[in-house]
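See below for the structure under consideration.
Every number here is computed from the coordinates shown, using simple stated rules; none is lab data. Quick caveat, the model's predicted, so the values are computed rather than measured. Every residue, glycine among them, receives a Cβ derived from its backbone with ideal geometry; neighbour counts consider all protein chains shown.
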Amino acid sequence: MAKYEKLKKNLNYLFLNTIPDAAFGSETWSRVGKSTEWTDNMNVKTTTYEYIEDSGPTEVIENYQPSTSIPLTAYAGDPVYEYIFDLYSKQDAGANAFTRVMRVFQSKTEDNNYKAQISDCTVTIDNFNFTTGVITFNIKQGGTPSMGTATVSESLDASGNRVWTAIFTAGA
């Protein structure tokens, strides 16, 4: 039996495709890292049936539509901030607000890869507080996520900024 390992926020990764028109498998993944919050709200849709053979109701889960609200501290040059700021400044409601999100979890598979999922999503802007330098945006999943595994590596760009590279492999 494996030893228990406490989950750590820095070993779970939330990536946005910051080039929305990229084909599946050709995304430009940018890590959402300058936030102090990442809570997935599952937004479960259920149907309740009152079967005549039962004395009480039966609730059936129809689906989930995860969403998250991200308060992002604004750093000019951060690819996630630049993408979100572009949506904010243009008040874009078109194709640029529709992209993909990848969640990479600290939980690993038997072959020691990170469990991961990619899904289509919409990105909406909630607010931009210029006083605190925080822009809050929402990610809402659309459709069925693709399950798989991912590898994540960290490096530095030419300016010394940390950059994470994620590679997703479908299936698992």
ask   = Relative contact order, percent, of the chain when contacts are C-alpha pairs under 8 Å separated by at least 6 residues?
value = 20 percent
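Based only on the alpha carbon positions, what is the Kirkwood hydrodynamic radius of the chain, in angstrom? Don't jump to the answer; show the numbers that get you there.
Numbers: mean 1/r = 0.0561 Å⁻¹.
Roughly 17.8 Å, rounded to one decimal.
Within a 10 angstrom radius of the beta carbon, how do GLU62, GLU27 rank from fewest other beta carbons to most?
Values: GLU62 9, GLU27 21.
Going from sparsest to densest Cβ surroundings: GLU62, GLU27.
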Extended-chain gain in nm, criterion 0.36 nm per residue less alpha-carbon gap, THR39 and SER26 = 2.0 nm
Prolate/oblate/rounded call for the stretch 5-48, Cα gyration tensor, a/c under 1.5 rounded = oblate
Spin-label pair TYR64/GLU82, simplified geometry with 7 Å Cα→Cβ offset, distance in nm = 3.3 nm
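When LEU16, LEU87 are ordered from fewest to most other Cβ atoms inside 10 Å of their Cβ, what list results?
On the way: LEU16 25, LEU87 20.
Going from least to most buried by this count: LEU87, LEU16.
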query = What residue among ARG31, ARG103, ARG162 has the largest mean-square fluctuation in a Gaussian network model of the chain, using Cα springs under 10 Å?
reply = ARG162
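Among THR149, THR165, rank each residue by its count of other Cβ atoms within 10 Å, from fewest to most, as a rough exposure measure. Write down the numbers at each step before the final one.
Details: THR149 21, THR165 12.
By the 10 Å Cβ count, ascending, the order reads THR165, THR149.
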message = With +1 on the Cβ of every Lys and Arg and -1 on the Cβ of every Asp and Glu, and nothing else charged, how large is the dipole of the chain about its Cα centre, in debye rounded to the nearest 20?
response = 660 debye
inquiry  = Run the simple label-point estimate for THR48 and ILE167 please: 7 Å along Cα→C-beta, distance reported in nm.
reply    = 5.0 nm
message = On the Cα set of the stretch 1-95, report Rg and Dmax in Å, please.
response = 19.8, 62
task = Pull out the extension gain between GLN91 and GLN106, defined as 0.36 nm times the separation in residues minus the alpha carbon to alpha carbon distance; nm, one decimal.
result = 1.9 nm
